[in-house]
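See below for the structure under consideration.
The values are calculated or read from the model by the stated rules, or taken from the named source; none is laboratory data. The model shown is predicted, which means the values in this text are computed figures rather than measured ones. Reconstructed Cβ throughout: ideal geometry from the backbone, glycine too, with neighbour counts over all protein chains shown. Just the protein is used for accessible areas: all its heavy atoms, side chains included, with ligands, DNA and RNA removed. Shrake-Rupley method; radii C 1.70, N 1.55, O 1.52, S 1.80 Å.
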Amino acid sequence: MKSSILKFLLIAFLLLKICDSSAQIIKTKTPKRDKGQTDVLRLATPAIPVVHVAIIGLGMRGTGAVERITHIPGVEIVALCDMLEDRTTAANDTLVKHGKPKAEVFFGEDSWKKVTTLKNVDLVYIVTDWKHHANIAVQAMKDGKHVAVEVPGALTMQEIWDVIDTSEKTRKHCMMLENCVYDFFELTTLNMAQQGLFGEILHAEGSYIHGLQPYWGQYWNNWRMDYNRKHRGDIYPTHGMGPACLALNIHRGDKMNFLVSMDTKAVGNPAFIKEKTGEVVTDFRNGDHTMTMIRTEKGKTIQIQHDVTSPRPYSRMYQLTGTKGFANKYPVEGYAIDAKEAGGEISKNYQNLNAEEFVSEDVKKILMEKYKNPIVKDIEEMAKKVGGHGGMDFIMDYRMFHCLQQGLPLDMDVYDLAEWSCLSPLTEISLDNNSAPVEIPDFTRGGWQKLNTVEFSK
């Protein structure tokens, strides 16, 4: 009897240990800052009345950037760089078409290394394949340039820390070009949240759900499909992460603590490869659908999804759940609030508002006009005219150059780049460890407590 009790207790103890160990968060390394190195939160640098830009990468995104920037006063494109000479020629033709002088051109494998050293360049605008983003950004900052880099800003934890440390040491801006935070709905909803319309935001959702079958062939040397084939996890998280993190004031009064990720098996992309090439792929790493849950220091949650192969309508899923209201962009764009939260004239004329359902289209229009984000009021018409995903690309560029010209802190900083990009390597760790929780480092190394909210410079 005694031995049976001891055996039972031993088994119970072992089960508890197993359960406890399975719940342990996988730790990630946070390197110490070098002596004298400090954070770049709300970094302001000397004003640059006329910003001279070098654009590296002239594929799908780069050509659009050239076109948009020609519409922004006080910005001159002085250098163009790509692997292929004909792309630099086409970009220069765009400049000439808009009455701008031709830029100096560079082409070939390592031509970007000449560009970052140019003395007449203030900002390097990086629009290459993902694998080159961090290396070029780090070198450009070391060569004394501010940096704007397409999403994701870095692919590995080492790259992320290299980008952060270089920005902190050189005191140069490194902003990730996350256009989705400048969508009109997201910007308006962020202002609503900051004005307290939804109460306390407890949960945010975002995604990148976009079947890429029509576009796979447009990526130079098939680089994007190859990356999906070799890597598992949410490898393209920033479109969903950006608006969600801003709404939750990440590293501005709160921080992300850990994530857990799950995925399906890979079916769609291997089938696509077989259809196009005949190859039977048995080692495709990235599942068709990946979902990730994140918990913050202050008890908030974020859900992010990634799916680039399933037959589903495009969705960034942007969604906010607060204690007093709700916002949603996909598949139905709308707000749900009670009449008493709407306030003033709205409550008087629409007393039947109920948070159990979306407000009417009339009320939605009134709310979006009332809470229009101040940063777009003077440029909305121009943004819609110039375009770029409905105008959000233009707002993104315009805001960055405005802040550089005025010597103001940029809307997004290097810690945003790190936090939104880190899902790529960290979800892979979680998935390869049976969906274990993985620690998300404090990329500000304690600085997140200095700020209270997201702030856009005027």
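Does Gly446 count as in contact with an Asp or Glu (Cβ under 9 Å, 6 or more places away or on another chain) and modelled with pLDDT under 95? The answer is no for Gly446.
Identify, from the list Pro441, Pro425, Pro437, the residue that is more than 20 Å from the chain's Cα centre (by Cα), closer than 20 Å to Ser261 by Cβ and touching a residue at least 60 places away in the same chain (Cβ under 8 Å). Pro437 is the lone residue from the list that is more than 20 Å from the chain's Cα centre (by Cα), closer than 20 Å to Ser261 by Cβ and touching a residue at least 60 places away in the same chain (Cβ under 8 Å).
The single condition among (1) at pLDDT below 95; (2) buried (at least 24 other Cβ atoms within 10 Å of the Cβ); (3) of a type in the set (Gly, Ala, Ser) that Ala418 does not satisfy is (1).
For every residue, the table says whether it meets (1) assigned to a helix (DSSP H, G or I); (2) under 23 Å from Tyr236 (Cα atoms); (3) of a type in the set (A, V, I, L, M, F, W, C).
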| position | (1), (2), (3) |
| --- | --- |
| Gly390 | yes, yes, no |
| Met400 | yes, yes, yes |
| Gln405 | yes, no, no |
| Tyr415 | yes, yes, no |
| Ser424 | yes, yes, no |
| Thr427 | yes, yes, no |
| Asn434 | no, yes, no |
| Phe443 | no, yes, yes |
| Lys458 | no, no, no |
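Taking the criterion of being under 16 Å from the mean Cα position of the chain (by Cα) and among the acidic types (Asp, Glu), the residues of segment 160-183 that qualify are Glu178, Asp183. Contact annotation: residue pairs with Cβ atoms under 6 Å, 6 or more positions apart or on different chains, pairing a residue in segment 323-343 that is closer than 15 Å to Gln195 by Cβ with a partner that is open to solvent by less than 30 Å² (accessible area, probe 1.4 Å) and among the β-branched types (Val, Ile, Thr), are Gly325/Ile337; Ala327/Thr189; Tyr335/Val359.
Restricting to segment 193-235, what's the tally of residues that are of a type in the set (Ser, Thr, Tyr), open to solvent by 10 Å² or more (accessible area, probe 1.4 Å) and farther than 19 Å from Leu155 by Cβ?
Going through segment 193-235, the residues of a type in the set (Ser, Thr, Tyr) turn out to be 207-208, 215, 219, 227.
Applying the additional criterion that residues be open to solvent by 10 Å² or more (accessible area, probe 1.4 Å) yields 208, 215, 219, 227.
Those still in the list that are farther than 19 Å from Leu155 by Cβ too: 215.
Residues that pass the stated criteria total 1.
Remark: Tyr208 falls outside the filter, which requires a residue to be touching a strand residue (DSSP E or B) at 6+ places or on another chain (Cβ under 6 Å) and in a loop (DSSP other than H, G, I, E, B). Is it the case that segment 192-204 has a residue that's farther than 19 Å from Met256 by Cβ, assigned to a helix (DSSP H, G or I) and not β-branched (Val, Ile, Thr)? Yes, that holds for at least one residue. In segment 390-420, which residues are touching a helix residue (DSSP H, G or I) at 6+ places or on another chain (Cβ under 6 Å) and hydroxyl-bearing (Ser, Thr, Tyr)? Once the filter is applied, which keeps residues that are touching a helix residue (DSSP H, G or I) at 6+ places or on another chain (Cβ under 6 Å) and hydroxyl-bearing (Ser, Thr, Tyr), segment 390-420 yields nothing. Does Ile366 satisfy being of a type in the set (Val, Ile, Thr), open to solvent by 10 Å² or more (accessible area, probe 1.4 Å) and modelled with pLDDT of 95 or more? When the stated conditions are applied, Ile366 does not pass them. Please give the number of the condition Asp413 fails out of (1) modelled with pLDDT under 95; (2) buried (at least 22 other Cβ atoms within 10 Å of the Cβ). Among (1) modelled with pLDDT under 95; (2) buried (at least 22 other Cβ atoms within 10 Å of the Cβ), the lone unmet condition for Asp413 is (1). Restrict the check to segment 321-335 and report whether at least one residue is open to solvent by less than 30 Å² (accessible area, probe 1.4 Å), under 22 Å from Asp183 (Cβ atoms), of a type in the set (A, V, I, L, M, F, W, C) and part of a loop (DSSP other than H, G, I, E, B). No; the residues of segment 321-335 include none that is open to solvent by less than 30 Å² (accessible area, probe 1.4 Å), under 22 Å from Asp183 (Cβ atoms), of a type in the set (A, V, I, L, M, F, W, C) and part of a loop (DSSP other than H, G, I, E, B). Reported count of residues in segment 253-283, each being open to solvent by less than 80 Å² (accessible area, probe 1.4 Å) and under 30 Å from Gln24 (Cα atoms), is 12.
Against the definition (open to solvent by less than 20 Å² (accessible area, probe 1.4 Å), out of contact with any His (no Cβ under 7 Å at 6 or more places or on another chain) and modelled with pLDDT of 90 or more), how does Gly299 come out, yes or no? Even if it seems obvious, please write down each step before you answer.
Numbers: open to solvent by less than 20 Å² (accessible area, probe 1.4 Å): no; out of contact with any His (no Cβ under 7 Å at 6 or more places or on another chain): yes; modelled with pLDDT of 90 or more: yes.
Judged against the criteria, Gly299 is not a match.
In segment 388-409, which residues are open to solvent by 10 Å² or more (accessible area, probe 1.4 Å) and free of Cβ contacts under 8 Å to residues at least 60 places away in the same chain? Within segment 388-409, just His402 meets the criteria.
Only one residue in Tyr215, Tyr219, Tyr236 is within 24 Å of Tyr415 (Cα to Cα) and hydroxyl-bearing (Ser, Thr, Tyr), so which one is that? If you could, list the steps in order and put the result at the bottom.
On the way: Tyr215 fails: within 24 Å of Tyr415 (Cα to Cα); Tyr219 fails: within 24 Å of Tyr415 (Cα to Cα).
Selected residue: Tyr236, the only one of Tyr215, Tyr219, Tyr236 that is within 24 Å of Tyr415 (Cα to Cα) and hydroxyl-bearing (Ser, Thr, Tyr).
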